[in-house]
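A quick write-up on the structure given underneath.
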Amino acid sequence: LVIFELTLVAAEKTLIERIRRFALQSRNRAVVRGIGDDCAILRPSRGHELLVTTDFSIEDVHFRRQWHTARSVGHRCLARGLSDIAAMGGEPLACFLSLGLPPKLPQRWADEFLQGLSRLAKSYGVQLAGGDVSASHKVTADIMVVGQVPAGEAVLRSGARAGDLIYVTGELGSSAATLKQLLAGRKIRPSIGSRHFFPDPRLNAGAWLRRHALPTSMIDLSDGLSIDLGHICEESGVSAIIDAKRIPVARNSTLDLALHGGEDYELLFTASVKARIPAAIGGIKVTHIGSVAKKDYRSAIRILDENGRARALRPLGWQHFRA
Ligand SMILES: [Mg+2]
């Protein structure tokens, strides 16, 4: 084990230097001191609070190297954290990456991973401001994203009230449909427009909604509508009823995958019936899918089927790759 660690010192050093080079590609004003000291120094704008979120991306749990290109893995790794910032209505500032790589992994893989990550970082002005590297048996990436929001204005999961309406951005089920095909053995070339391989976090829509003080609660759809809407119900102490006919099912998908498939990274929010919610925000459509009701101890979520009959919607969600 010692030899294993000794041989790594040189490799780690070059990896750190490469990460530093990538980190220089995207700067953010809030980062007073980035990579190169014991800690990064961040200075949020006056009157703001910091948002902090961490997410694991682990080989064979969140991605597979034979399915996902290194660019896609790097992109998805950061997109997960950015999506959490979007769900609070925040603005991302910096990210921190702890990266574990198998010693035999080609250097090109690490480079392309960093390219995928920094391309997305650049498009939202996020600075890679620190992290750590280590040898590990499988690719393990732990990303931490720091954002900011005006003090007291972050949109929480806990603000939904009976009578509010429920909305989602974009379309649902696309990412799970791709995953289902991959699981069935289909070879799919990762394309930039794919919601599965290169999800675009809804930062602009989330910040727009927060600025206009429209949502009473909000969450990003990472685990699937049936699970994530359940989180809002739980935190807000309410129940929800959604209408199957209103769910914006992605063209490549099905209602079932739209209800239970994860990793769409769209925003799910509630708003007062009096709030005027636009049909689209910055080109991303917004769909009214149901309404909030008083807490119901039998089922947190009910769904109206095509015939208008209500049934309980179990929170199945996507069990990552266990299916
Ligand atoms: Mg989230």
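Worth a mention:
- Dipole-positive endmost among 150, 94, 261 within the chain (Cβ charges, Cα centre): 261
- Per-residue 3J(HN,Hα) values for segment 40-46, derived from phi via the Karplus relation 6.51 cos²θ - 1.76 cosθ + 1.60 with θ = phi - 60°, read 7, 10, 10, 10, x, 4, 4 Hz in sequence order (x marks Gly and Pro).
- Straight-line reach from residue 104: taking Cα to Cα under 24 Å and skipping same-chain neighbours fewer than 8 places apart, the lysines in range are 13, 138.
- For the chain, the fraction of alpha-carbon pairs in successive 10 Å shells from zero, as %: 6, 26, 31, 23, 10, 3, 0
- Kirkwood Rh (inverse of mean 1/r, distinct Cα pairs), segment 136-257, angstrom: 16.8
- Here r is the Cβ-Cβ distance between residue 135 and residue 21 and R0 is 25 Å; the resulting FRET efficiency, rounded to 0.05, is 0.75.
- Peptides 85-98, 141-154, 37-50 ranked from most to least packed by the mean count of surrounding Cβ atoms within 10 Å: 85-98, 141-154, 37-50.
None of the figures in this text is laboratory data; all of them are computed from the coordinates on show. Predicted model, so just to flag it, every value in this text is computed and none were measured. Ideal geometry is used to build each Cβ from the backbone, glycine not excepted, and the neighbour counts take in all protein chains shown.
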